[in-house]
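Down below is the structure, laid out as structure tokens.
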Amino acid sequence: MKVWPDGHPKGKAMARRQRDILDAARACFVRTGYGGTSMDAIAAAAGISLMTLYRHAESKDDLFAATISDACRATDDAERRYFESLFALPFRELLVTSGIHMQAKFFRPDNIALMRLVIAESSVFPHLLQLAYEGIPGHFENLAAIIISAKCDVDDEEIAEAARLYIDCLLGGEVLRLLLGQGERPDADQRRRAELAADVVLGMLEAGPAC
């Protein structure tokens, strides 16, 4: 999508309009898929003319890629502040509390719908698979690495491996269940997965002097 330079006199207004377009496009793509969505439908959903829409996006392909990229953009600052507020907790409690929060965020219906959409359109937009992975599970791996590094004095490679293992234990087969349309499990299951993930990471790091 078109990007306006900093200081452009219409930059703020254009950014607000672009936000409306991206929100409308995401709703349309999720509801009717890529093939079933037209630029006319997106313009109508955003409350703008088709001509205005084309001032922001050159094509439906361009808008689809921008929509996925926008949806995957991590809210790093807000998330980081939340997890940093938990750092005073004992390590296992920190991992469990963080794991419950991550599952609640990851398993939101809009994230599941987004992943289904990316998979459905992967033959046309194969690069979006990597983008979606980096933006959703990859984002949580990065947060897990921040949590582990705050408590453990180990090298970056071991932190990255522990973070991947932690997220695998948290999400695991539950992602497949939800992608296939099965209902989300009770909150108690989220706690059990978080406790399992915490214990696996502690076992891997041996919870020795480094942690």
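The values are calculated or read from the model by the stated rules, or taken from the named source; none is laboratory data. The structure displayed is predicted, hence computed values, not measured ones. Cβ sites come from the backbone with ideal geometry, for glycine too, and all protein chains shown count toward neighbours.
Yes or no, residue by residue, for (1) modelled with pLDDT under 85; (2) basic (Lys, Arg); (3) in a helix (DSSP H, G or I); (4) more than 20 Å from the chain's Cα centre (by Cα):
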residue: Ala13; (1), (2), (3), (4): yes, no, yes, yes
residue: Ala27; (1), (2), (3), (4): no, no, yes, no
residue: Thr37; (1), (2), (3), (4): no, no, no, yes
residue: Ala41; (1), (2), (3), (4): no, no, yes, yes
residue: Ala45; (1), (2), (3), (4): no, no, yes, yes
residue: Thr52; (1), (2), (3), (4): no, no, yes, yes
residue: Phe64; (1), (2), (3), (4): no, no, yes, no
residue: Thr67; (1), (2), (3), (4): no, no, yes, no
residue: Asp77; (1), (2), (3), (4): yes, no, yes, no
Report task. Go through region 78-119 residue by residue and tally those that are surrounded by 14 or more Cβ atoms within 10 Å (Cβ to Cβ), in contact (Cβ under 8 Å) with a residue 60 or more places away in the chain and over 20 Å from Ala162 (Cα atoms). Result -> 7
Requested in this report: Please verify whether region 155-165 includes one or more residues that are in contact with a helix residue (DSSP H, G or I) (Cβ under 7 Å, 6 or more places away or on another chain), crowded, with 16+ Cβ neighbours inside 10 Å and among the charged types (D, E, K, R).
Outcome: no
Query raised in the report: Looking only at region 93-143, which residues are more than 23 Å from Arg193 (Cα to Cα), outside any helix (DSSP H, G or I) and among the aliphatic types (A, V, I, L, M)?
Result: Val124
Report task. Would you mind finding the one in Glu121, Glu161 that is of a type in the set (Asp, Glu) and touching a Phe, Trp or Tyr at 6+ places or on another chain (Cβ under 6 Å)? Result -> Glu121
Query raised in the report: So which pairs qualify, if the first residue must be in region 55-76 and within 14 Å of Ala24 (Cα to Cα), the second must be modelled with pLDDT of 80 or more and of a type in the set (Gly, Ala, Ser), the Cβ gap must be under 6 Å, and the two must be at least 6 apart or on different chains?
Result: Leu63/Ala25; Leu63/Ala57; Thr67/Ala25
